[in-house]
Amino acid sequence: MRKSWRRATTGAAAAALGLGLLTGCGSNDDSGASGSAESASASAPGGGITVFAAASLKGTFTELGQMYETANPGSHVEFSFAGSSDLAAQLDQGAAADVFASADTTNMTKVVDAGLVEGSPVDFAANTLTIVTAPGNPKGITSFTDLNREGTLVVTCAPQVPCGSATQKVETASGVDLTPVSEESSVTDVLNKVTAGQADAGLVYVTDAASAGEKVTAVAFPEAAQAVNTYPIATLSASKTPDAAQGFVDLVTGPDGQAVLAKAGFAQP
């Protein structure tokens, strides 16, 4: 299940995610995952850690943080969720953190090349794009090409953000150049624009669409298979609690973490 991550890796996972990932992904029922959390991370020492993680990981990592704290009395996990490019830039500028989880290998490469990573990152999940619209899909969007119809307000991630980079790959594969009304700094910002009625459609990850539940309608499109994002995680060399940081990484990449991620709709890398 776990894959080693090379410094030179720059591409996303080659295999496409199945469109059936959305089925049942929005549930917050943590039966079957939290029960074995203690065995997964009981060997990890207590201690406070700060985790910088991609915005698309907020739901799953919040749950895993609670599991980690339960299994390790006295420990505390603090999260900073944002676009991976923003987080990488903050780390490069000296921000203090113990763990970094990126939504792509490109931004992890930046952190590795800056000498900020201890050991080698590990790929732990994969994700792909889907279209989200207002509930019921009032604009009748059924394809990626439909996003260019006149009068359709589309929101995407900015190019430097993993979801924005994936969008560009889809545009290249499909030959369709989108004209978004705004480019956001994180995938959750794109989702919020759609749920707030400020856009007719947006491009987000299948996991974000699933977490939004009935607030959106998801429209899968085959070109998304050309832009699968791989998520790596690593401990940071500046960590003052490296054992605790590694304990959280072990939880994410181990069977309990993988169960939580799968439940949310993530695929294996």
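The values are calculated or read from the model by the stated rules, or taken from the named source; none is laboratory data. Remember, it's a predicted structure, so these values are computed and weren't measured experimentally. Quick reminder, even Gly has a Cβ in these numbers, built from the backbone with ideal geometry, and neighbours come from all protein chains shown. Surface areas here come from the heavy atoms of the whole protein model, side chains and all, with no ligands, DNA or RNA. Shrake-Rupley method; radii C 1.70, N 1.55, O 1.52, S 1.80 Å.
Name the pairs: first residue in segment 195-218 and within 15 Å of CYS157 (Cβ to Cβ), second residue acidic (Asp, Glu), Cβ to Cβ under 9 Å, at least 6 apart or on different chains?
ALA201/ASP146; GLY202/GLU184
Being small (Gly, Ala, Ser), open to solvent by 30 Å² or more (accessible area, probe 1.4 Å) and either touching a strand residue (DSSP E or B) at 6+ places or on another chain (Cβ under 9 Å) or modelled with pLDDT of 95 or more (or both) is the filter here; which residues of segment 40-51 pass it?
GLY46, GLY48 - these are the residues of segment 40-51 that are small (Gly, Ala, Ser), open to solvent by 30 Å² or more (accessible area, probe 1.4 Å) and either touching a strand residue (DSSP E or B) at 6+ places or on another chain (Cβ under 9 Å) or modelled with pLDDT of 95 or more (or both).
This table checks each residue for (1) at pLDDT below 95; (2) within 13 Å of the chain's Cα centre (by Cα); (3) over 18 Å from PRO121 (Cα atoms); (4) crowded, with 20+ Cβ neighbours inside 10 Å.
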| site | (1), (2), (3), (4) |
| --- | --- |
| THR235 | no, no, no, yes |
| LEU251 | no, no, no, yes |
| GLY265 | no, yes, yes, yes |
| PRO269 | yes, yes, no, yes |
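Which of (1) buried (at least 17 other Cβ atoms within 10 Å of the Cβ); (2) more than 19 Å from THR60 (Cβ to Cβ); (3) within 22 Å of the chain's Cα centre (by Cα) does ALA196 not meet, given it meets every other one?
Single failed check for ALA196: (1).
Tell me which residues, restricted to segment 152-171, are more than 18 Å from the chain's Cα centre (by Cα) and free of Cβ contacts under 8 Å to residues at least 40 places away in the same chain.
GLU171
When the residues of segment 157-184 are narrowed to those that are in contact with a Gly (Cβ under 6 Å, 6 or more places away or on another chain) and either modelled with pLDDT under 95 or buried (at least 21 other Cβ atoms within 10 Å of the Cβ) (or both), which ends up nearest to GLU223 (Cα to Cα)?
CYS157
Can you name every one of the strands (runs of 3 or more DSSP E) wholly within segment 170-269 that holds 2 or more residues which are touching a helix residue (DSSP H, G or I) at 6+ places or on another chain (Cβ under 9 Å) and closer than 26 Å to MET108 by Cβ?
182-184, 201-205, 229-236
Does GLU214 qualify as being open to solvent by 10 Å² or more (accessible area, probe 1.4 Å), modelled with pLDDT of 95 or more and either of a type in the set (Lys, Arg) or in contact with a Ser or Thr (Cβ under 8 Å, 6 or more places away or on another chain) (or both)?
Judged against the criteria, GLU214 is not a match.
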